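Structure record follows, encoded as structure tokens.
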Amino acid sequence: TKPNIDQTAMLVKTYACQRRTPLKHHNSFLTEALEILSQNAEYNDNEGRSVAFRRAASVLKALPHRVKNMEDLRSLPCLGDHSQRVIKEILEDGSSREVESTRQSDQFQAMKALTGIFGVGVRTADRWFREGLRSPDDLVRTGQQLNRAQQAGVQYYDDLQKPVTKAEADVISDIVEKAVRAVLPGAEIRLMGGFRRGKDVGHDVDFLITHPEEGKEEGLMPKITNWLEEQGLLLYEKTTRNSYLEKMDGPARAPNNMDRFERCFSIFKLQTGSETERAVRVDLVVSPYSQFAFATLGWTGSKLFERELRRWAGQEKHMSLSSHALYDSKQNLYLRAKTEEEIFAFLDLEFIPPSERNA
Ligand code: ATP
Ligand code: MN
Ligand code: MN
């Protein structure tokens, strides 16, 4: 027999990495509201609050039904008082006053516009906001000092605001494959991020590159970007060298989302018609073969899923997970893995396929 709603709720696990979260779910009318509050907390540099709202939203994404009343929420994890208040108001009145006033607020809209510029983080956006600036146009008009990334961000702002479609991602994939094959035959390229999770649009396109012969991948990125540059396909690129050292980055370092792979944050010029083109954000990451499974897991997302994996590893398993490695603090050793499945198994987690990591 089908479990009733309350039984379903009792089966919802606490950590997002223990749950299956499909891309399409039944509670967008609630999760979008909670994510506005999460985003606003982030704009106000309140990470704890931001994560709390995001976790609450994520639990609702995993439910196999639409929430109809507060009873449906009994025994669900991660729903704090504040989230429950917001949900109750939406269920009763169709919307939440706090959410709507946040959405309309000058600060929220300005921070959204300013952090939406490539190269601009919350701190910079907040400084500009307090100086009275509200939009990319304001930055140009007042002649703000911008770094190279931000200049590109302002220049290509309109294009980069437009979602990248899967069809565009496929064209970029072909280009990246051609570039990589030209400079390092035998290299493997994998589409990562939201597109690997089955999204049909994204804010960028993410790729992970490796070579089965360890060491061959060293210094690969400049060769790729040179090739792309020669073809006139790059509008912007910033390459960062690999700085990972197992003895320094492993157990001693706090688990952090920022990894140390050789990587390139770029903007591609994509031909969209015979005389039309657009700018597209592309992230390229190069991983040594021995770290490829960890890199794959780390670059598939979602961001909350990744965060929860690391929290699960640390709090429940006394392990430290990064996009490079898994360290077991009880046994004092690194756990080697060739596949994502093996990493889930080390962590005592049921394997969750990419399409159900949309936490
Ligand atoms: P979107 O469709 O909006 O691009 P996304 O899930 O692909 O969504 P990204 O910001 O492109 O989001 O990130 C993709 C994955 O790469 C995420 O899992 C994120 O954790 C990881 N990631 C992004 N930046 C870094 C970084 N600097 N270091 C390590 N991992 C990162
Ligand atoms: Mn992405
Ligand atoms: Mn990305």
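The values are calculated or read from the model by the stated rules, or taken from the named source; none is laboratory data. In this text the structure is predicted, and so the values were computed from the model without any measurement. All Cβ positions, glycine included, derive from the backbone under ideal geometry; neighbour counts span all protein chains shown. Heads up: the accessible areas ignore ligands, DNA and RNA and are worked out on the full protein's heavy atoms, side chains in. Shrake-Rupley method; radii C 1.70, N 1.55, O 1.52, S 1.80 Å.
Just a few scattered comments:
- Filter pass, residue 88 being free of Cβ contacts under 8 Å to residues at least 40 places away in the same chain, surrounded by fewer than 15 Cβ atoms within 10 Å (Cβ to Cβ) and part of a loop (DSSP other than H, G, I, E, B): no
- Qualifying positions in the stretch 204-218 - among the charged types (D, E, K, R) and either within 15 Å of ligand 3 (Cβ to nearest atom) or touching a Lys or Arg at 6+ places or on another chain (Cβ under 7 Å) (or both): 204, 206
- Flag if residue 205 is of a type in the set (Val, Ile, Thr), touching a residue at least 24 places away in the same chain (Cβ under 8 Å) and more than 26 Å from residue 20 (Cα to Cα): no
- Residue within the stretch 183-203 that is on the phi > 0 side of the Ramachandran plot and within 14 Å of ligand 3 (Cβ to nearest atom) present: yes
- Output for the stretch 302-324, where each listed residue is of a type outside the set (D, E, K, R), touching a helix residue (DSSP H, G or I) at 6+ places or on another chain (Cβ under 6 Å) and within 14 Å of ligand 1 (Cβ to nearest atom): 304, 305, 309, 321, 323, 324
- Any hit, the stretch 30-37, residues being more than 30 Å from residue 127 (Cβ to Cβ), in contact (Cβ under 8 Å) with a residue 60 or more places away in the chain, touching a helix residue (DSSP H, G or I) at 6+ places or on another chain (Cβ under 7 Å) and exposed (fewer than 14 other Cβ atoms within 10 Å of the Cβ): no
- The one condition in (1) farther than 23 Å from residue 335 by Cα; (2) surrounded by fewer than 19 Cβ atoms within 10 Å (Cβ to Cβ); (3) within 13 Å of ligand 1 (Cβ to nearest atom) that residue 243 fails to fulfil: (1)
- Identification of helices (runs of 4 or more DSSP H) wholly contained in the stretch 120-239 with 1 or more residues that are within 14 Å of ligand 1 (Cβ to nearest atom) yields 148-155, 157-161, 166-183, 193-196.
- Yes/no for residue 71 being in a helix (DSSP H, G or I), within 21 Å of residue 116 (Cβ to Cβ) and open to solvent by 50 Å² or more (accessible area, probe 1.4 Å): no
- Filter pass, residue 259 being among the acidic types (Asp, Glu), modelled with pLDDT under 90 and touching a Gly at 6+ places or on another chain (Cβ under 7 Å): yes
Here is a yes/no grid of residues against (1) surrounded by fewer than 20 Cβ atoms within 10 Å (Cβ to Cβ); (2) within 13 Å of ligand 1 (Cβ to nearest atom):
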residue: 261; (1), (2): no, yes
residue: 264; (1), (2): no, yes
residue: 270; (1), (2): no, no
residue: 277; (1), (2): yes, no
residue: 284; (1), (2): no, yes
residue: 287; (1), (2): no, yes
residue: 291; (1), (2): no, yes
residue: 295; (1), (2): no, yes
residue: 299; (1), (2): no, yes
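- Scanning the stretch 91-119 for residues that are open to solvent by less than 20 Å² (accessible area, probe 1.4 Å), in a loop (DSSP other than H, G, I, E, B) and closer than 29 Å to residue 62 by Cα yields a single hit, 96.
- Considering the stretch 157-167, the residues that are crowded, with 19+ Cβ neighbours inside 10 Å and in contact with a Lys or Arg (Cβ under 8 Å, 6 or more places away or on another chain) include one that is nearest to residue 191 (Cα to Cα), namely 164.
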